Structure formats: C-alpha cells, structure tokens
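Working notes for the structure below.
FYI, it's all coordinate maths here, none of it is from the lab. Nothing here was measured: the structure is a model prediction, and the numbers come from that model. Virtual Cβ from ideal backbone geometry, glycine too; neighbours counted across all protein chains shown.
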Amino acid sequence: MVGIEGDADFGRVNGGFTIPIFRYDARKEWEASVRGRFGYTPTERLLLYVTGGVAFTELKYSWMDITGFFPPVDASVSKAGWTAGIGGEAALTHRVTARLEYRYSDFGTTRFDWPAVAGSYEQHPRFQSVRGGVSVRF
C-alpha cells in the first residue's frame, strides 16, 4: 500500500523554567503535516505502515523578569521540519477501521533573544505523539 495523507492537530503543548529572577515559557498550539504512507497487509484485516514527510508548527516564546525590572519579550516563530512514524490499522467490520500510530516530529533549532539583558536561549523543539482513531466508510 502506498498513499499520501495530511493532518492537523490543535492540542496545546507548553513548558518552561525559572532561573533566579527570570521566567521562560514556550508553547505549541498546533502542528500539521503532509506525509507519505507505505505499508503492507500481513493479514486480510490488518495494515502495518511507516509514514514520513514534512511538518509545520507555530511556536510562541516569552521571557519575563519576575521582579518587573526588565521588560518582557514575546515572540512567535513559524517552523517547518520533518516527521516520521509507524502505525497499524485494523478492519473491525467492512465499514469501520481502528488505527494506532506513533510519530516523532523535529523542527530544527530556534534561537530566542532578549536584548534588554543581552541574553538568548536556543531550543531544539521535538515532539513525540501517540495517536488513535476510528474511521467509518460511507
């Protein structure tokens, strides 16, 4: 089996850290991809596959001085990267299939500068996800 598929998810992923008086936050609110899908059917009702392609996301960053002495800085960066994964899809009936997939997405390196304190932070945003789904054919 050979195919092409695209998807988008809008689940928020965020994280950050605090060092003595500074707070750093990063957030991803969506990710989309266009991928090839290559698989085989070891049994009549099961498809096993690998997938890979290009991924897109928007990352939002903020640096803040918790004392309020330095002005905060916010940035939004659109990124393209790559994604790859494996999965399986099983036919439950003639019309219904269930699917489970693992994917890894890598968006390269992003540098965030804070000129007020002559500082910067470099991040390599990577995400792992496990996705499931049910499809009904009409």
Q. Under a plain spin-label model, where a point goes 7 Å from the Cα along Cα-to-Cβ, how far apart in nm are F127 and A75?
A. 1.9 nm
(Q) Can you compute the charge dipole magnitude of the chain about its Cα centre, using +1 on each Lys and Arg Cβ and -1 on each Asp and Glu Cβ, nothing else charged? Give it in debye, rounded to the nearest 20. (A) 420 debye
**Q.** T67-D25 FRET efficiency (beta carbon distance; Förster radius 25 Å; 0.05 resolution)
**A.** 0.90
(Q) Show me, for the stretch 56-64, the HN-Hα J-couplings you get by feeding each phi into the Karplus relation (A = 6.51, B = -1.76, C = 1.60, θ = phi - 60°), rounded to Hz, glycine and proline as x. (A) 9, 7, 10, 10, 10, 10, 8, 10, 9
Q. Residue by residue, what Karplus-based ³J(HN,Hα) values in Hz, rounded to whole numbers, does the stretch 124-129 have, using 6.51, -1.76 and 1.60 with θ = phi - 60° and x for Gly and Pro?
A. 10, x, 9, 9, 10, 8
Q. Excluding G81 itself, what net charge comes from residues whose Cβ is under 13 Å from its Cβ, given Lys and Arg +1 and Asp and Glu -1?
A. +2
Q) From the backbone phi of the stretch 35-47, what are the Karplus-calculated ³J(HN,Hα) couplings (6.51 cos²θ - 1.76 cosθ + 1.60, θ = phi - 60°) in whole Hz, Gly and Pro given as x? A) 9, x, 9, 10, x, 9, 10, x, 9, 4, 10, 10, 10
Q. Relative contact order (percent) for the chain, with alpha-carbon contacts under 8 angstrom and 6 or more residues of separation?
A. 18 percent
Q) Quick one, which of (i) 14.1, 46; (ii) 19.9, 66; (iii) 15.4, 47 is the actual Rg and Dmax of the Cα atoms in Å calculated for this model? A) (ii)
Q.
Can you compute the modelled spin-label distance between Y40 and D113, with each label point 7 Å from Cα toward Cβ, in nm?
A. 5.2 nm
